[in-house]
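Shown next, in structure tokens, is the structure this report addresses.
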Amino acid sequence: MLQEQQRRLLVVSNRLPVVIERQADKWQIIPGSGGLVTALAPVMRQQKGLWIGWPGCDEEAPLGQLLDRFAQDNGYSLAAVPLSADEVERYYRGFSNEALWPLFHDLLGFCRFSYDNWQVYLDVNRRFAQVVTEHAKADDLIWVHDYQLIGVGDQLRALKMPQPLGYFLHIPFPAPDLFRRLPWKDQLIRSLLAYDLLGFQTQRDRRNFVNTATSLLSEVEVVSRKRHYDVLQFEGRTVRVGHFPISIDFDEFDNGARSKEVEDAAWYLHENLRGRQLMLGVDRLDYTKGIPERFLAFERALEKYPELITNISLMQLVVPSRTLVPDYQNLKETLDQLAGRINARFGQPEWNPIYYVYRTLGRTQLLARYRTSEIALITPLRDGMNLVAKEYCASSVENNGVLILSEFAGAADQLRKGALLVNPYDIESTADAIYQAYVMESGERLRRMKLLRNEIRRHDVHHWLDSFTQSLYSS
Ligand code: ADQ
């Protein structure tokens with residue numbers, strides 16, 4: 001439960017939790033629908049909170065008017081940090097997504113380090129900090145999110161902000177040897193140490209951060225190591241470092257999956273499968289998600305276990321993402337080719353091995369696929385958490401789904417008891433896991449899925465939010 005509810009929460013993230021768009025001749029501001037928004041919205045409403053971020057729209061939009069309308073309708077406020085096209089290019093696409101994103105996901109080969117982009121990253125982080133100082137009240141709790149805004153805390157300290165500063169990293173934190181490759185490593189670690197509370201997804205990320213900080217900066221001292229957090233001393237200040245695995249609204253997925261429209265959509269899907277099993281993959285288009293390796297593992301399973309032929313299909317849903325970035329365009333081409341090749345090699349008139357769907361699905365259709373798929377194949381090469389794995393289990397209301405999960409997803413820490421864990425680089429063993437899931441008896445499926453659902457029900461997104469804000473309150 002939240003205490004000290006009179007303290008306002010001030011959330012800072014790269015994007016505001018809204019979509020601003022022109023419909024016919026009218027501008028609309030629509031609340032976003034991601035997990036973070038769903039989790040934070042009730043608390044923000046209750047405390048009349050403030051969310052600061054980039055609005056993501058072009059400069060023509062009557063922003064002031066739209067933000068006021070949002071505050072009236074939603075009970076909490078938004079403040080925008082406008083960015084020019086060049087800033088978006090260098091701070092967001094350049095430094096955040098071409099340097100930090102691949103580095104933090106252990107994929108050094110995708111990294112491009114540019115001094116100019118780094119400078120714009122710092123400028124934009126400074127601008128975010130300025131907007132925070134313009135709006136913050138004396139007893140606000142300030143909570144900064146994710147890799148695009150690491151430098152905000154540092155800037156707020158320079159501006160002498162007295163409020164407690166919290167930070168949560170949604171993506172993994174790499175091991176010290178990998179982090180050292182970043183040309184601006186010391187400065188980035190110092191920026192992180194400017195916060196009072198640092199939250200990571202897993203114990204491993206937290207350990208990587210503490211080991212990196214102590215190995216790079218001799219002034220960092222580990223005062224104590226507790227189960228829930230480590231306490232560091234740096235330049236006369238105390239920094240607490242914890243892990244807070246993010247989650248989903250379990251009840252919302254569970255209830256949604258039981259609804260009549262989802263049940264009907266699921267029934268319709270199954271009718272068309274004529275007794276075959278459906279294995280599901282759901283991801284944003286991203287090279288960290290291991291989708292080509294997944295296709296190859298499925299191909300290997302079809303080779304190795306011919307009884308799978310005509311009896312199982314892989315449905316891979318891919319949400320378009322970062323569509324203008326060449327690495328992402330190349331990935332899309334690779335997937336098109338792989339799916340085409342495997343379907344041509346094994347397909348039969350009445351059966352497609354892979355259904356590859358490249359678009360965002362509406363909620364009913366997504367839940368229907370979660371509910372009805374006998375297997376979920378979720379094999380990122382590296383992932384901060386992976387909410388899809390949790391959404392699948394929460395929607396598996398018949399308790400008959402099998403989760404095959406990469407050991408390199410943050411979610412594997414919590415879900416290892418019920419899932420079949422695989423190394424996504426190991427095509428042979430992943431193929432074996434597909435077969436093991438396919439032949440798994442219903443009793444075993446039920447036992448495993450109950451474990452998974454209980455874990456996610458107990459540690460849902462509200463638990464995540466409460467544990468982070470409680471720790472920040474006590475800073
Ligand atoms: P993401 O990398 O975006 O998030 P993930 O956690 O799996 O990864 O969330 C993806 C979301 O997109 C899910 O909520 C899913 O339902 C939705 N989605 C995916 N495909 C879809 C489709 N075809 N149609 C509709 N919806 C679709 C980052 C980190 C993760 C971390 C989260 C939260 O990379 O590791 O779990 O932040 O911290």
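Bear in mind these aren't lab numbers, they're just calculated from the coordinates by the rules spelled out. What you see is a predicted model, and the numbers here were worked out from it, not measured in a lab. All Cβ positions, glycine included, derive from the backbone under ideal geometry; neighbour counts span all protein chains shown.
Before moving on, here are some points about what is shown:
- Cβ-derived FRET efficiency at R0 51 Å, residue 24 paired with residue 203, nearest 0.05: 0.50
- Of the trypsin sites (Lys or Arg not before Pro) found in region 6-80, the ones in coil according to DSSP and having at most 13 other Cβ atoms within 10 Å of their Cβ are 48.
- For the chain, a simple Cβ point-charge model (Lys and Arg +1, Asp and Glu -1, everything else neutral) yields a dipole of about 800 debye relative to the Cα centre.
- Our summary gives the chain a relative contact order of 13 percent, counting only alpha carbon pairs under 8 angstrom and 6 or more residues apart.
- Cross-link pairs beyond the 28 Å C-alpha cut-off, checked among 332/390; 260/450; 289/417; 226/417; 26/289: 26/289
- Degrees separating the helix 260-273 axis from the principal Cα axis of the chain, which is the longest one: 40 degrees
- Applying a DSSP loop filter and a limit of 10 other Cβ atoms within 10 Å to the trypsin sites (Lys or Arg not before Pro) in region 329-411 leaves 359.
- Applying the Karplus relation 6.51 cos²θ - 1.76 cosθ + 1.60 with θ = phi - 60° to region 445-450 yields 3J(HN,Hα) values of 4, 4, 4, 5, 5, 4 Hz, where x marks Gly and Pro.
- Mean separation of Cα contacts under 8 Å, 6 or more apart, over the residue count of region 114-197: relative contact order %: 33 percent
- Using only the C-alpha atoms, the convex hull of region 311-356 corresponds to 64 Å³ per residue.
- Annotation for residue 233 and residue 123: the two label points, set 7 Å from Cα along the Cα-Cβ direction, are 4.0 nm apart.
- Degrees between helix 63-74 axis and first principal axis of the chain (Cα, 0 to 90, nearest 10): 70 degrees
- Adding -39500 (n - 2.57) for every DSSP H run of four residues or longer, then dividing by how many residues the chain holds, sets the calculated 222 nm ellipticity at -13500 deg cm²/dmol.
- The slack in the chain from residue 71 to residue 348, taken as 0.36 nm per residue of separation less the alpha-carbon distance, amounts to 94.2 nm.
- Under the Debye formula (equal points on every Cα, no solvent term), log10 I(q)/I(0) of the chain at q = 0.12, 0.13 Å⁻¹: -1.13, -1.30
- Label separation (residue 450 vs residue 273): 2.3 nm, computed from points 7 Å beyond Cα along the C-beta direction.
- Cleavage-rule hits, chymotrypsin sites (Phe, Trp or Tyr not before Pro), region 371-475, DSSP coil, Cβ neighbours within 10 Å at most 15: 425
- Tensor-based shape of region 434-475 (alpha-carbon gyration tensor, a/c under 1.5 rounded, otherwise prolate or oblate): prolate
- Distances between placed amide hydrogens fall under 5 Å for residue 321 paired with 285, all partners being 5 or more residues away or on another chain.
- Kirkwood Rh in Å, taken over region 250-458 so that all alpha-carbon pairs contribute: 17.0 Å
- Distance from the alpha carbon centroid of region 152-182 to that of region 76-124 works out to 14 angstrom.
- Helix axis angle, 461-473 relative to the chain longest principal axis, alpha carbon, degrees: 20 degrees
- Once the Cβ-Cβ distance of residue 423 and residue 259 is raised to the sixth power relative to R0 = 30 Å, the FRET efficiency obtained is 0.25.
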